[in-house]
Amino acid sequence: MLKNLSSNGVFVQWAPLYLSHKDYTTVLKTFAGLCPHASLWFIPPGNSYLVGLRNPLLVDYAYENEILSDKQQPLDGLRKFGITNANELLSHYIAGDEIINNMDTNADINSREHPVIEFYSLKDYAVSAAHRRLENLSFIIELRNKAADNTWITSLSHDDRVGLADARQADSYYIAGFKKVMESGSDEQK
């Protein structure tokens with residue numbers, strides 16, 4: 001997967017929450033096995049993304065803040081989600097390789113020789129999409145709670161560290177609230 005990726009390149013893969021939990025963890029485990037360095041991100045209103053790199057994830061906070069706040073930069077894809085500064089982006093980090101590579105699951109590896117995602121089990125999809133999303137969201141919360149904060153961020157002043165901690169806490173509240181809405185059944189129609 002990464003043979004055409006430059007040393008500073010980034011590979012991003014959408015990991016939809018509506019997959020069965022078995023398939024969702026298979027996607028995570030397969031991706032992590034193919035990328036030397038993988039991280040999982042959650043973006044409202046309910047999408048997760050995997051980011052793969054050749055080198056360890058290392059974010060220069062000051063540079064990211066500068067780029068994201070510069071309206072001359074072509075970042076409309078992020079701005080439409082309200083991401084205009086480093087805190088708004090970095091607060092969506094769930095976990096990196098240290099957690100993803102050690103997930104406590106019995107997930108398979110998806111491959112050309114063993115295409116478990118292509119030939120999924122219908123019984124895994126017998127429950128509603130809302131139920132599958134809720135199960136995967138609970139798993140994301142579990143992974144986020146295990147992850148170390150800010151070890152992959154440089155140029156972080158004391159004030160920046162406090163601001164990012166507040167942004168991550170706010171994102172945790174959002175995820176927990178989103179989960180409560182799903183548990184109440186208000187999200188069934190989606």
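The values are calculated or read from the model by the stated rules, or taken from the named source; none is laboratory data. What you see is a predicted model; the values in this text were computed from it and never measured. All Cβ positions, glycine included, derive from the backbone under ideal geometry; neighbour counts span all protein chains shown. Accessible surface is based on the protein model in full, side chains and every heavy atom, while ligands, DNA and RNA are left aside. Shrake-Rupley method; radii C 1.70, N 1.55, O 1.52, S 1.80 Å.
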Report summary line: Exactly one of 166, 160 is open to solvent by 60 Å² or more (accessible area, probe 1.4 Å), at pLDDT 90 or above, assigned to a helix (DSSP H, G or I) and closer than 23 Å to residue 59 by Cα, and that one is 166
Report summary line: The residue that is nearest to the chain's Cα centre (by Cα), considering only those in the range 86-109 that are surrounded by 15 or more Cβ atoms within 10 Å (Cβ to Cβ) and farther than 23 Å from residue 55 by Cα, is 88
Requested in this report: Output the number of residues of the range 1-47 satisfying the condition of being open to solvent by less than 20 Å² (accessible area, probe 1.4 Å), in a helix (DSSP H, G or I) and either in contact with a helix residue (DSSP H, G or I) (Cβ under 9 Å, 6 or more places away or on another chain) or of a type in the set (Phe, Trp, Tyr) (or both).
Outcome: 6
Report task. Within the range 137-147, work out how many residues are outside any helix (DSSP H, G or I) and either in contact with an Asp or Glu (Cβ under 7 Å, 6 or more places away or on another chain) or within 15 Å of residue 24 (Cβ to Cβ) (or both). Result -> 0
Report task. Collect the residues in the range 67-85 that are in a loop (DSSP other than H, G, I, E, B), open to solvent by 50 Å² or more (accessible area, probe 1.4 Å) and closer than 15 Å to residue 45 by Cα, keeping them in residue-number order. Result -> 80, 81
Report summary line: The number of residues in the range 48-66 that are under 14 Å from the mean Cα position of the chain (by Cα) and part of a loop (DSSP other than H, G, I, E, B) is 1
Report summary line: When (1) farther than 28 Å from residue 185 by Cα; (2) free of Cβ contacts under 8 Å to residues at least 40 places away in the same chain are applied to residue 81, the one that fails is (1)
Report summary line: Of the conditions (1) in a helix (DSSP H, G or I); (2) surrounded by fewer than 17 Cβ atoms within 10 Å (Cβ to Cβ); (3) touching an Asp or Glu at 6+ places or on another chain (Cβ under 8 Å), the single one that residue 134 does not satisfy is (2)
Report task. Evaluate the following for residue 175: is it among the β-branched types (Val, Ile, Thr), under 19 Å from the mean Cα position of the chain (by Cα), over 15 Å from residue 29 (Cβ atoms) and open to solvent by less than 40 Å² (accessible area, probe 1.4 Å)? Result -> yes
Requested in this report: Would you check if there is a residue in the range 9-20 being more than 27 Å from residue 179 (Cβ to Cβ) and among the aromatic types (Phe, Trp, Tyr)?
Outcome: yes
Query raised in the report: Looking at (1) open to solvent by 40 Å² or more (accessible area, probe 1.4 Å); (2) farther than 17 Å from residue 57 by Cβ; (3) without any contact (Cβ under 8 Å) to a residue 12 or more places away in the chain, which is the one condition that is false for residue 151?
Result: (2)
**Report entry** Residue in the range 99-112 that is free of Cβ contacts under 8 Å to residues at least 60 places away in the same chain and either in contact with a Phe, Trp or Tyr (Cβ under 6 Å, 6 or more places away or on another chain) or over 17 Å from residue 27 (Cβ atoms) (or both) present
**Finding:** no
